[in-house]
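Here, each number is a calculation from the coordinates, and none is a lab measurement. Keep in mind the model is a prediction, meaning the values are calculated, not measured. Every residue, glycine as well, gets a Cβ built from its backbone with ideal geometry; the counts of neighbours run over all protein chains shown.
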Amino acid sequence: MIRAKKSLGQNFLSDQRVARRIIDSVSPLADDIIVEIGPGAGALTRLLAKQSGYVVAVEIDARFVDELYRTVKTDNFSVVNRDALNMDWVEFTKSAMSMLHPPRRDYPDRRRVRVVANLPYYISTPIIEKLLPLGRHRLFDMTLMLQKEVADRITTGPGSKEYGYLSVRVQYYCDAAKLFEVPPSAFTPEPKVQSAVICLTVRERPAVEVADEERFFALVRAAFAQRRKTILNNLKAGARSLEFKQPVESALEAAGVASRRRAETLSLGEFAALCAALYRE
Ligand code: SAM
C-alpha cells in the first residue's frame, strides 16, 4: 500500500459506489479515448479501461506507475509520469487521439478525447484553465471531481452569489453541469471539504461571439473586481487600464444594462453586448 502524500493532494477514492457512479456518468464508448489526470492507485482507471477504447493517464507521483501497470490488467492503458500543469496539452491530446489502432477510416471524427479526473484541490482551477481553450476537436468533455465550492462556482448561473469570473470563463467554452456531491467519507484519507462531480462539455463554438477574447475576459474580471459595487463603478475603476473606446455610462445604455446592476446578475450575452459597446470605434 503506497502512503498518501498530502503535498500532492492525495485523497484516494475508496467508495466503490462513487467510483461506479462517476464511470456511469461518463458512460465511455468503445471508441472513446480517456485522458485521466492523477490516476493515483487506479480507483477510476481500472473501470475506465474496461469500458473505453484507450486510457492514457498523467500522474506526477512516480510511485504509482508500476503499480498501475500491474493492477490495470487490460492492454489499452498507458501512464506517463508528468506534471499535468507543465505539459503541452495540444500535443498530448493530439497523440492521445492516435492511441486507438488502427484509426477507423470510416469513423475518424467520432473518436472523442475525454478527460476524467479526481483532481487535487490545489490544481483544479489551473488545470481547467489549461484545458478550456483546447476546443472540441481536441477535447470532447471533462468529468471532474472538485471541491464542492469550486464546482458550485463553475456551474452556477447569473443571480447566484457563487456566480463570478470563473463561471463566465468556463461557461464561455463549455456547457457546465453539476452531477452530484460526494462526502469526505468516500476518500482515504478523508479531505476536510465536501466534493462534487461536474461535467464540462466543450461547446462546438463559444457560448457568445466576441471580437477579442482577451478583452472580453479582462472586462469580466474588472466587472467582478468588487462584488458589492455596481457594474458602473467597477467598470469606471478599470476604464483606464482596459482602454475602453466609449464612456462606460453610454456603453451600458447601448448594451441595455442598467448601471446600478451588479456583475453577478449579468448573463454571458449581456457581458458580450457590453464588451462590443465599450470597444465600439
Ligand atoms: N484518481 C485517484 C482516485 O480517485 O483515487 C487519485 C485522486 S487524488 C485526489 C489526486 C491524484 O493526482 C494523486 O494521485 C496525485 O499524485 C495526482 N497529482 C497531483 N498533482 C498532480 C499533477 N500536477 N499532475 C498530475 N498528477 C497530479
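Looking at V150, V168 in this structure, which one is on the phi < 0 side of the Ramachandran plot, in contact with a strand residue (DSSP E or B) (Cβ under 9 Å, 6 or more places away or on another chain) and assigned to a helix (DSSP H, G or I)? Step through it out loud before you land on a result.
Details: V168 fails: in contact with a strand residue (DSSP E or B) (Cβ under 9 Å, 6 or more places away or on another chain).
The match here is V150.
Just wondering, is there one or more residues in segment 1-12 that are more than 24 Å from A196 (Cβ to Cβ) and not charged (D, E, K, R)? If you could, list the steps in order and put the result at the bottom.
In the first step, residues of segment 1-12 are kept if they are more than 24 Å from A196 (Cβ to Cβ); the result is 1-3.
Next cut, not charged (D, E, K, R) only: 1-2.
Yes, segment 1-12 has at least one match.
How do the pairs read when you match residues in segment 37-55 that are of a type in the set (V, I, T) with residues anywhere that are assigned to a loop (DSSP other than H, G, I, E, B) and more than 11 Å from the ligand (Cβ to nearest atom), using Cβ under 9 Å and keeping only pairs 6 or more apart or on different chains?
T45/V72; V55/P28; V55/V72; V55/T74; V55/N76; V55/M99
Which pairs turn up if I take residues in segment 252-281 that are among the basic types (K, R) and look for partners that are assigned to a loop (DSSP other than H, G, I, E, B) with beta carbon separation below 8 Å, at least 6 apart in sequence or on another chain?
What qualifies is R260/T230; R261/T230; R262/R227; R262/R228; R262/K229; R262/T230; R280/K245; R280/Q246.
Does any residue of segment 188-206 turn out to be within 19 Å of L132 (Cα to Cα) and loosely packed, with under 13 Cβ neighbours inside 10 Å?
Scanning segment 188-206 turns up at least one residue that is within 19 Å of L132 (Cα to Cα) and loosely packed, with under 13 Cβ neighbours inside 10 Å.
Among the residues of segment 227-254, write down those that are part of a helix (DSSP H, G or I), surrounded by fewer than 16 Cβ atoms within 10 Å (Cβ to Cβ) and charged (D, E, K, R).
Scanning segment 227-254 gives R240, E249, E253.
Considering only segment 44-70, state which residues are within 12 Å of the ligand (Cβ to nearest atom) and out of contact with any Asp or Glu (no Cβ under 9 Å at 6 or more places or on another chain).
R46, L47, D61, A62, R63, F64, E67
Count, please, the residues in segment 21-72 that happen to be within 19 Å of L100 (Cα to Cα) and touching a Ser or Thr at 6+ places or on another chain (Cβ under 9 Å).
21
Checking V90 against (1) hydrophobic (A, V, I, L, M, F, W, C); (2) over 22 Å from S14 (Cβ atoms); (3) touching a strand residue (DSSP E or B) at 6+ places or on another chain (Cβ under 8 Å): exactly one of these is not met. Which one?
(3)
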